[in-house]
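Structure first, commentary second.
The values are calculated or read from the model by the stated rules, or taken from the named source; none is laboratory data. Everything quoted here is computed from the prediction, not taken from an experiment. Note that we place each Cβ from the backbone using ideal geometry, even for glycine, and neighbour counts take in every protein chain shown. Areas reflect the complete protein model, heavy atoms only, side chains present, ligands, DNA and RNA absent. Shrake-Rupley method; radii C 1.70, N 1.55, O 1.52, S 1.80 Å.
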Amino acid sequence: MIRASLMAILLLASTPAVASDPSRSALAAAATTFDMSSRDSGADHRIHVFIPPETLPDARLPVVYLLDADGHFPLFTEMVRVLIDAGDIPPVAVVGIGYPVQSMADTITLRLRDYTPAGDAPHAALVRKIVGEGPEIRDGGADAFLRFIETDLKPRIAQRYPVDNTNAALVGHSLGGLFGLHVLLSHPESFRYYGLSSPAILWSDGYLLTREGDWAKQHRDLRATLFLGVGGKERTLAHVLALPPELKAAETEIVARFGNPDPVAQLADFETRLRGRAYPGLRYPGLKIFDGESHGGVVVPAFNAELLMFFGKSQ
């Protein structure tokens, strides 16, 4: 049986798999939800939008595009509200991107499709063991997902809401962090800010390392603001996977394949390479390791740090 704890597998975010019910949220009065499809791929998405109360119609708010919104939208928007009320950040809009599905298996496979920039057969095989024979498993659809955000979603948001898409952040965790780094190293102009935690550095035999090297060969600058964070407890792949007892055999198999590496050390190696490029347009204070935080729990301090870094009034 698929259990809620399985959302941590394969460096996936620890989020609920079913679409959230916005009517249950205290933020319902300030949030709207609608479904839309990609004109390119036909993929369906559930969009959640938070606009701070008392926003004037002619305002142009900075905006965060939040991945894994089915689980993270209520948490993230509540943090935005608290920081606004405390006077720590100005009013900020949030656009959460999720899925109109009702099963954990569907959420796992859809985010695998959308957040990964390349195929990875071993990880896909492990996902098949977890979700069973039902949902279709596809990976490597990150570029199609980015086209949806750029050509479908952003224009609709700009048309309907008082936001400034030239002052936009992308926030993602785990596979969402993998997607974010792919965008940063392929189309950095898509967002001004990138808030990424625990990105899946291992994906597709080190795809991100290759992508980083390719960008450096072809460009002398990387214009963006980057926050990169990771939990201090993420010291082994086995900890990140955290599979339940009935899937320990599968966990042992994939850990053995990769040698149970240290994700924190791997991310530190990645950032050493990135900082070594000395891009003049890259604002990056360095990797933030949140001591005592797990792969799933690190999203809370990471979200707070990202919001303050990007929009804090002291910046």
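Overview of values
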{"quantity": "Output for the range 85-109, where each listed residue is closer than 19 Å to Ile157 by Cβ and open to solvent by 10 Å² or more (accessible area, probe 1.4 Å)", "calculated": "Pro90, Pro91, Pro100"}
{"quantity": "Residues being in a helix (DSSP H, G or I) and either surrounded by 16 or more Cβ atoms within 10 Å (Cβ to Cβ) or not β-branched (Val, Ile, Thr) (or both) - total across the range 266-281", "calculated": "10"}
{"quantity": "Selection count where residues are touching a residue at least 40 places away in the same chain (Cβ under 8 Å), under 20 Å from the mean Cα position of the chain (by Cα) and open to solvent by less than 20 Å² (accessible area, probe 1.4 Å), scope the range 233-265", "calculated": "3"}
{"quantity": "Matching residues in the range 67-95 - criterion: being within 27 Å of Leu110 (Cα to Cα) and part of a loop (DSSP other than H, G, I, E, B)", "calculated": "Leu67, Asp68"}
{"quantity": "For Ala69: the one exception among (1) farther than 20 Å from Gly296 by Cβ; (2) of a type outside the set (Ser, Thr, Tyr); (3) free of Cβ contacts under 8 Å to residues at least 60 places away in the same chain; (4) open to solvent by less than 30 Å² (accessible area, probe 1.4 Å)", "calculated": "(1)"}
{"quantity": "Residue match in the range 282-299 (condition: in a loop (DSSP other than H, G, I, E, B), open to solvent by 60 Å² or more (accessible area, probe 1.4 Å) and either touching a strand residue (DSSP E or B) at 6+ places or on another chain (Cβ under 9 Å) or in contact (Cβ under 8 Å) with a residue 40 or more places away in the chain (or both))", "calculated": "yes"}
{"quantity": "Complete set of residues in the range 40-61 that are without any contact (Cβ under 8 Å) to a residue 60 or more places away in the chain, assigned to a loop (DSSP other than H, G, I, E, B) and within 23 Å of Leu83 (Cβ to Cβ)", "calculated": "Pro52, Pro53, Glu54"}
{"quantity": "In the range 84-109, the residues that are of a type outside the set (Val, Ile, Thr) and within 23 Å of Phe50 (Cα to Cα)", "calculated": "Asp85, Ala86, Gly87, Asp88, Pro90, Pro91, Ala93, Gly96, Gly98, Tyr99, Pro100, Gln102"}
{"quantity": "The range 110-123: number of residues that are surrounded by fewer than 22 Cβ atoms within 10 Å (Cβ to Cβ) and not in a helix (DSSP H, G or I)", "calculated": "3"}
{"quantity": "Tally, over the range 57-71, of residues that are over 20 Å from Tyr99 (Cβ atoms) and among the aliphatic types (A, V, I, L, M)", "calculated": "3"}
{"quantity": "Selection status of Leu222, in contact (Cβ under 8 Å) with a residue 24 or more places away in the chain, open to solvent by less than 10 Å² (accessible area, probe 1.4 Å), in contact with a strand residue (DSSP E or B) (Cβ under 9 Å, 6 or more places away or on another chain) and not β-branched (Val, Ile, Thr)", "calculated": "yes"}
{"quantity": "Residues within the range 171-212 that are surrounded by fewer than 24 Cβ atoms within 10 Å (Cβ to Cβ) and touching a strand residue (DSSP E or B) at 6+ places or on another chain (Cβ under 8 Å), tallied", "calculated": "4"}
